[in-house]
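> Just passing along the structure, written as structure tokens.
The values are calculated or read from the model by the stated rules, or taken from the named source; none is laboratory data. The shown structure was predicted, so the numbers you read here are calculated from the model rather than taken from an experiment. Cβ atoms come from the backbone with ideal geometry, glycine included; neighbour counts cover every protein chain shown. Please note that ligands, DNA and RNA were not included when accessible areas were found on the heavy atoms of the full protein model with its side chains. Shrake-Rupley method; radii C 1.70, N 1.55, O 1.52, S 1.80 Å.
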Amino acid sequence: MAKLIVTNRDGETSTIEADTGISLMENLRDNDFELAAICGGMCSCATCHVFIDEDWMAKVGPRSEDENDLLGELDSFNDASSRLSCQIEVTKELDGLMVTIAPDE
Ligand code: FES
């Protein structure tokens, strides 16, 4: 388990107990956050876009080239904090991660 601090699209922040070994996207969906995640985690839809707190960006690792290409097409893309939540595996090291659900596009 890892605690995640999540801000939804209404700006409300809550803490969830996330399962390790599965993606951030799956954890957000399991906890009823609005996230279309249409492609189911195949890195091809960008509807699982989140903003990672900038202090945590190094810990979650770099974006892949495919992820960068997809995110770069979004109006809300922020180079300093945007990630596809399906491309981040939740690990114990991410305990305390702060994440914000990006606007729907
Ligand atoms: S769920 Fe489609 S890119 Fe993440």
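> Starting from residues that are of a type in the set (A, V, I, L, M), touching a strand residue (DSSP E or B) at 6+ places or on another chain (Cβ under 8 Å) and over 21 Å from Ser14 (Cβ atoms), keep the ones in the range 70-105 and report whichever is surrounded by the most Cβ atoms within 10 Å (Cβ to Cβ).
Among those that are of a type in the set (A, V, I, L, M), touching a strand residue (DSSP E or B) at 6+ places or on another chain (Cβ under 8 Å) and over 21 Å from Ser14 (Cβ atoms), it is Leu84.
> Of the residues that sit in the range 28-48 and are closer than 18 Å to Ile16 by Cβ and more than 6 Å from the ligand (Cβ to nearest atom), which one is most open to solvent (accessible area, probe 1.4 Å)?
Asp32
> If you go through the range 9-22, how many residues are touching a residue at least 24 places away in the same chain (Cβ under 8 Å), exposed (fewer than 13 other Cβ atoms within 10 Å of the Cβ) and in a strand (DSSP E or B)?
0
> State which residue pairs qualify: first residue on the phi > 0 side of the Ramachandran plot and inside the range 23-40, second residue of a type in the set (A, V, I, L, M, F, W, C) and open to solvent by less than 30 Å² (accessible area, probe 1.4 Å) in any location, beta carbons under 7 Å apart, and separation of 6 or more residues or different chains.
If the second residue must be of a type in the set (A, V, I, L, M, F, W, C) and open to solvent by less than 30 Å² (accessible area, probe 1.4 Å), the pairs left are Ala37/Met25; Ala37/Cys48; Ala37/Cys86.
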